[in-house]
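What follows draws every value from the coordinates through simple rules; no lab data is involved. Being a predicted model, the structure only gives us computed values, none of them experimental. Cβ atoms come from the backbone with ideal geometry, glycine included; neighbour counts cover every protein chain shown.
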Amino acid sequence: MLRYAARRFLLFVPSLLGASILIFVLLRLVPGDVAEILVYQAGAESSTVQQKHVQEIRAELGLDRPIAVQYLAWLGNALRGDFGHSYLQQRPVTEIVRERFPRSLELALLTLVVAVIWAVPLGVISAVRQNTWADHLVRLVSISGLSLPIFFTGVLILWALVRFFRWLPPLEFVSFFDDPAENLKQLVFPTLAQAYYISAPIMRLTRSQMLEVVRQDYVRTARAKGLADGAVIYRHALANSLLPVVTFVGWWGGRLLGGIVIMEIIFAVPGMGTALVQAVSNRDYPTVQAIVFVMALIFLTLNLLVDLLYGWLDPRIRYA
Amino acid sequence: MPEAAERVGVATEVAEARAAARASGWLDRLRWFVASQPLGAAGALVVLVLILTALFAPALAPHGPKDAAFAPYLSPSAEFPMGTDHIGRDMLSRVIWGARLSLYVGLTAVLFGVTLGALWGVVTAYFGGVADSASQRVVDSLMALPPIVLALALMAALGQSVTNVIIALAILLVPTAARTLRSVALSIKEMPYVEAARAAGASEWRVIFRHVLPNSLSTYIVLFTVNIAYAIVVEAALAFLGLGAPPDEPSWGGMLTAGTQALETAPWMIFFPGLAISLTVFGLNLLGDSIRDLTDPRLRGGLG
């Protein structure tokens, strides 16, 4: 197991570095660098004073150095937890990330927990009662969940809340540690909207896996030795069906993060996603770079954890 | 018992497939497609309507998509079946032109992205070695970024325009296509016919273009169809976040954003574009699923 974990970890580091290089180079291919954007924002004609100003900012930000040198400097600082200074918010990017990250993490975890809690049992019911009305209903719900784009579901829920309950997204975000009830009240709708979306594939996968597993010999044996239905379903069938579901959740981690960005925008949650969209529209490159880096880090960590879990659950994988 | 039932099922499938092979007229083929893939046929119908709407948008739309010539926030009526938006543009016309924008962006992005990725995957798999592992690391790096986040970063670098959305989406599609086609090409490479072609003295590139590429075509087609819906959704999502096509372009996602500013006064501004996207995605998914069923030899039953 240890060797498997080490080998898997060796793939993690180059991917993360590669992603950070990619983003770094990409954001420097912009026509007209950051210094020009900062100076010419007013849209005035370029004058010698401004050109001198551009040179000054370039030197100050180190933009006049070769790109490899700039990257190494950035990486060195990033590893020490310094992501530079936000042009937009006039404060260190690290501070923004530290403030926003827990909120997005909370939303993501809530979404995952809610989705799994409601999708796995429904998938089991749907498989155990194959081709009954319960099965058809579950499949209908999951297909509709897959076809509605997440931003449309989110906007529809927001509309229903505004229209029927006069609920508006709160202006101030309350931390869970200050006031848990208020905090959960703020996050319940984005959580439900996204959980509905990601629960659809989880449901379908649980169902198809269960259908396959209940036809296996060991399930027949368990039944033949007189185990109760519940024990057969949960101890034997479900335990063996969940493996692909676990990988799937990791696989969809990317979509989960993308969905978080959209949910935060719709329901006015001031998290990483909101910060990223703001930074992109204001061309606040240090912030874009830091948030993208942190998101890649989360995404890769999620994949790493899923792989380790998979290897731990299924010995065939770790010895392959 | 289930095995017996399965055998009967396979037998009927085989019979159906034989009947299909015999069917010569296109009408017979169509009838066979509708009978064997009813959901796929429904999806095809939706897609057909979408394509016709996109093609004939200038004739179908009563007004220009950017003409702010009417009163804002008019509710749906005989004159404006989908109402008007916040600056007085006809929503029906914008939704119709939206079909053209979605399809244009989706198709071109997938054409460039999947084709580039496919060629990349096949060529690196065929030659292997250092170039292959280096290219795999690049694919890893691209895949380390969550798709929407990568798209946002690309839009930050490129700037907002319809062409840049296409470029960003194409880049998004390259790594998955490269990885999938690489694994397909790796197994084709070991096939006896490839060995035979090489033994007969065919050049490397001839083997790639005459043997490996044609045999990975079915995977390419499946990737192509499946990703059109995906590209359309991501385009709409980017526009929804205000970072895709510029706001005056008739993008369904952008229309939704405008609608969220007036949820209570003008809910029609979210309903119609939202329904248009959902229906499009639903139709494309149904069609994509049945194309996958038809091209997957394990599901096709003895046609070969």
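Ordered by residue, what ³J(HN,Hα) values in Hz, to whole numbers, does the stretch A:234-248 give under the Karplus form 6.51 cos²θ - 1.76 cosθ + 1.60, where θ = phi - 60° and Gly and Pro are x?
Running phi through 6.51 cos²θ - 1.76 cosθ + 1.60 with θ = phi - 60° gives 7, 7, 9, 6, 5, 4, 7, 8, 6, 4, x, 5, 4, 4, 4 Hz.
Read phi for every residue in the stretch A:299-304 and hand back ³J(HN,Hα) as whole Hz from Karplus 6.51 cos²θ - 1.76 cosθ + 1.60, θ = phi - 60°, with x for Gly and Pro.
4, 5, 4, 4, 4, 4
Past the 20 angstrom mark, what percentage of all C-alpha to C-alpha distances in the stretch A:173-313 do you count?
63
So for the stretch B:160-210, what are the equivalent ellipsoid semi-axes in whole Å, largest first, each being the square root of 5 times an eigenvalue of the Cα gyration tensor?
35, 13, 5
Hey, what do the phi angles of the stretch A:219-231 turn into as Karplus ³J(HN,Hα) couplings, whole Hz, using 6.51/-1.76/1.60 and θ = phi - 60°, x for Gly and Pro?
Taking θ as phi minus 60°, the curve returns 6, 4, 4, 4, 5, 5, 7, x, 5, 5, 3, x, 5 Hz for the stretch A:219-231.
Between 0 and 90 degrees, rounded to the nearest ten: what's the tilt of helix A:93-128 against the longest Cα principal axis of chain A?
Here the helix axis deviates by roughly 20 degrees.
Enter the Cα centre distance for the pair the stretch A:100-138 and the stretch B:90-129, rounded to the nearest angstrom.
32
Averaging sequence separations of C-alpha pairs under 8 Å and six or more residues apart, then dividing by the length of the stretch B:42-193, give the relative contact order as a whole percent.
Taking the mean separation of contacting Cα pairs over the length of the stretch B:42-193, I get 24 percent.
Helix-only mean residue ellipticity at 222 nm, chain B, DSSP H runs n ≥ 4 weighted -39,500 (n - 2.57), per residue, nearest 500. What is it?
-24500 deg cm²/dmol
Counting only Cα atoms, I'd like the Rg/Rh figure for the stretch B:89-177, Kirkwood definition for Rh.
Across the stretch B:89-177, the Cα-based Rg/Rh ratio is 1.11.
Based only on other Cβ atoms within 10 Å, what is the fewest-to-most ordering of A:THR132, A:THR94?
A:THR132, A:THR94
Over its Cα atoms, what ratio of radius of gyration to 2.2 N^0.38 Å does the stretch B:27-154 give?
Working it through for the stretch B:27-154, the quotient is 1.59.
Would you calculate the convex hull of the Cα atoms in the stretch B:71-122 and tell me its volume per residue in Å³?
Each residue corresponds to 73 Å³ of Cα convex hull volume.
Translational diffusion coefficient of the stretch B:177-304 at 10 °C, 1.306 mPa s, Stokes-Einstein with Kirkwood Rh over Cα pairs, in µm²/s as a whole number.
It diffuses with D of about 89 µm²/s by this estimate.
Taking a temperature of 4 °C and a viscosity of 1.567 mPa s, what whole-number D in µm²/s does Stokes-Einstein yield for the stretch B:224-266 with Rh from Kirkwood over alpha carbon pairs?
Rounded to a whole number, D works out at 120 µm²/s.
Counting only Cα atoms, I'd like the Rg/Rh figure for chain A, Kirkwood definition for Rh.
Result: Rg/Rh = 1.07.
Hey, can you grab everything whose amide H is under 5 Å from the amide H of A:HIS85? Only 5+ residues off in sequence or another chain; H modelled, so Pro and N-termini drop out.
A:VAL93
For the protein assembly as shown, just the Cα atoms, rotate onto the principal axes and tell me the three extents in Å, largest first.
Largest to smallest, the principal-axis extents are 84, 65, 59 Å.
How large is the helix-only mean residue ellipticity at 222 nm for chain A, computed as the sum of -39500 (n - 2.57) over DSSP H runs with n ≥ 4, divided by its residue count, in deg cm²/dmol to the nearest 500?
Calculated at 222 nm, the ellipticity per residue is -25000 deg cm²/dmol.
Angle between the Cα long axis of helix B:26-36 and the longest principal axis of chain B, 0 to 90 degrees, nearest 10?
Approximately 90 degrees, to the nearest 10.
Once you order the gyration tensor axes a ≥ b ≥ c over the Cα atoms, which shape class does the stretch A:267-320 get: rounded for a/c under 1.5, otherwise prolate or oblate by comparing a/b with b/c?
prolate
How much of the pair distance distribution for chain B lies past 26 Å, counting alpha-carbon pairs only, in percent?
Tail fraction, whole percent: 57.
Please report the projected area of the stretch A:120-185's Cα convex hull averaged over all directions, in nm².
Mean orientational projected area (the stretch A:120-185, Cα hull): 6.8 nm².
Only counting other Cβ atoms within 10 Å, I'd like B:SER290, A:SER144 sorted with the fewest neighbours first.
Ordered from fewest to most neighbouring Cβ atoms within 10 Å, B:SER290, A:SER144 come out as A:SER144, B:SER290.
Going by alpha carbons, how many degrees (0 to 90, nearest 10) lie between the helix axis of A:180-213 and the longest principal axis of chain A?
50
Once the Cβ-Cβ distance between A:LYS185 and A:GLU95 is put in as r, and R0 is 30 Å, what FRET efficiency do you end up with, to the nearest 0.05?
Efficiency computed from Cβ-Cβ geometry: 0.65.
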